[in-house]
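Read the structure below first, then the notes.
The values are calculated or read from the model by the stated rules, or taken from the named source; none is laboratory data. Values in this document were obtained by computation on a predicted structure and should not be read as measured data. Positions of Cβ are backbone-derived with ideal geometry, glycine not excepted, and every protein chain shown enters the neighbour counts.
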Amino acid sequence: MYNPVEINKDLFYVGVNDRSKHLFENLWPLPKGVSYNSYVIRDEKTALIDTVDIGFTDVFLNKLSVVLGDRPVDYLIINHMEPDHSGALTFLLNKYPNIQLVGNARTADMLEGFYNITENIVIIKDKEELSLGNNTLQFFLTPMVHWPETMMTYVKETKTIFAGDAFGTFGTLDGGVIDSQLNPDFYWDEMVRYYSNIVGKYGGPVQKALKKMADLEIETICPTHGPVWTEPENIERVISLYDKLSKYETEKGLVIAYGSMYGNTEQLAEAIAAEAAAKGVKNIVMHNMAKSHISYVLQDVFKYKALIIGSPTYDSKLYPAVQSLLNTLENKNLKNRYFGYFGGHSWAGTALRLLGEFADKMQFENVFNAVDMKQSMGEDIYKQAMTLGSTMAEKILSDDEIVPNKRGE
């Protein structure tokens with residue numbers, strides 16, 4: 001049995017919760033699971049907005065039957081073709097064979113590629129409209145947020161936007177679906193983690209999408225993951241957070257990410273952090289890359305203004321987990337960070353050179369000369385670490401603009 005969740009007039013939630021999966025996209029940890037959100041508009045014509053992961057098809061179709069009874073699904077609006085949102089499609093077509101599939105030209109290509117579907121496809125263009133009777137759908141193409149076919153669907157009459165993967169969060173919906181039914185505090189950091197992990201590379205396209213939405217009156221945001229947002233202060237916060245993240249803007253704080261084989265490089269990290277705290281930086285997050293999952297490191301790096309990375313030289317290269325972090329940050333197109341770096345070696349040091357090359361490539365502002373430790377931390381190295389920490393603190397706490405690619409003196 002299922003008690004339908006009515007979000008607003010004619011609009012019902014038919015999504016599901018995944019409490020079993022450990023890794024989203026087989027990459028990102030899901031300690032509190034994830035929801036796959038689907039919605040149905042029950043009007044003169046019925047429209048289903050996105051489906052769910054294939055593993056939850058039976059639950060999904062049951063919910064849909066409860067909401068619609070014997071009525072057909074006239075349209076499936078496909079905002080995003082990723083399999084966690086389109087996986088139930090073929091089973092849906094078996095039950096409702098006459099559905100018209102609504103998407104853009106890129107959607108049509110993917111329907112054929114993923115599911116060999118070439119019929120009953122309605123191809124729409126940007127800002128085109130579709131009437132269901134009392135509800136008018138308007139479609140906004142938002143390519144690369146975060147796939148090329150992504151789009152958003154807006155209901156003019158109820159001022160509701162179906163945002164695809166935009167504004168999504170990790171975490172299941174535990175009882176409540178709408179923000180007014182639950183405590184949303186948990187979801188804010190999970191929204192940052194979701195953005196940094198999934199969408200973070202595409203700041204430019206997100207900005208273009210936000211500009212398209214700028215003139216819309218929005219009273220409900222229906223994402224494909226996480227809560228439905230209806231409270232005005234939450235809607236403002238959601239949109240503001242995406243605007244900030246997609247412009248690579250930050251809070252005042254410091255992330256120190258490091259690798260350490262025997263603890264010496266870690267002691268450098270501790271000294272830097274202690275001095276930054278002594279100078280007044282309260283938001284300091286330290287990540288031992290041998291232990292911290294990169295998902296949470298990304299969340300913090302996107303959140304805070306300054307980044308210091310440390311690595312020993314390992315096989316004439318960087319510590320592998322640190323190298324993985326650099327590769328990921330480069331792939332995410334991270335911008336506008338104060339940067340510092342440090343390293344250790346026993347006989348031949350290349351870590352600092354590689355970290356410096358990374359900083360130049362990313363056009364970060366280096367705030368102080370790199371700290372290079374041979375074998376263990378002597379008094380001179382300790383003083384350099386303290387200077388790095390204090391110099392970074394001054395930068396973080398100042399109002400200076402970040403100057404790309406400026407070498408520390």
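Answer yes or no as to whether Leu318 is in contact (Cβ under 8 Å) with a residue 12 or more places away in the chain and buried (at least 23 other Cβ atoms within 10 Å of the Cβ).
Considered against the rule, which asks whether it is in contact (Cβ under 8 Å) with a residue 12 or more places away in the chain and buried (at least 23 other Cβ atoms within 10 Å of the Cβ), Leu318 comes out as yes.
Taking the options Val281, Val297, name whichever one is of a type outside the set (S, T, N, Q), assigned by TED's automatic domain parsing to the domain that holds Asn366, within 18 Å of Phe339 (Cα to Cα) and touching a Lys or Arg at 6+ places or on another chain (Cβ under 8 Å).
Only one candidate passes the filter, namely Val281.
Have a look at Ser311, Ser324 and point out the one that is modelled with pLDDT of 85 or more, surrounded by 14 or more Cβ atoms within 10 Å (Cβ to Cβ), more than 23 Å from the chain's Cα centre (by Cα) and polar (S, T, N, Q).
One residue alone meets the criteria, Ser311.
Just to check your reading of the model, which residue among Val301, Val285, Val281, Val297 is touching a His at 6+ places or on another chain (Cβ under 7 Å) and in contact (Cβ under 8 Å) with a residue 24 or more places away in the chain?
From the options Val301, Val285, Val281, Val297, the qualifying one is Val297.
Being closer than 15 Å to Tyr304 by Cα, of a type outside the set (D, E, K, R) and not in a strand (DSSP E or B) is the filter here, so list the residues in the stretch 243-276 that pass it.
Scanning the stretch 243-276 gives Leu245, Ser246, Tyr248, Thr250, Ala273, Ala276.
Could you list, in sequence order, all residues of the stretch 249-265 that are surrounded by fewer than 21 Cβ atoms within 10 Å (Cβ to Cβ) and under 15 Å from Gly340 (Cα atoms)?
Scanning the stretch 249-265 gives a single hit, Gly253.
Can you tell me how many residues in the stretch 93-113 are more than 30 Å from Lys211 (Cβ to Cβ), in contact (Cβ under 8 Å) with a residue 24 or more places away in the chain and in a helix (DSSP H, G or I)?
Qualifying residue count for the region: 2.
Answer with yes or no whether Ala166 is out of contact with any helix residue (DSSP H, G or I) (no Cβ under 8 Å at 6 or more places or on another chain) and of a type in the set (Gly, Ala, Ser).
Judged against the criteria, Ala166 is not a match.
Only one of Thr169, Thr153, Thr142, Thr107 is in the same structural domain as Leu11 (by TED's automatic domain parsing), under 25 Å from Val66 (Cβ atoms) and surrounded by 17 or more Cβ atoms within 10 Å (Cβ to Cβ); which?
Sole residue among the options that is in the same structural domain as Leu11 (by TED's automatic domain parsing), under 25 Å from Val66 (Cβ atoms) and surrounded by 17 or more Cβ atoms within 10 Å (Cβ to Cβ): Thr153.
Where residues in the stretch 164-219 are of a type in the set (S, T, N, Q) and within 20 Å of the chain's Cα centre (by Cα), which of them is farthest from Gly15 (Cα to Cα)?
Checking each candidate, the answer is Gln207.
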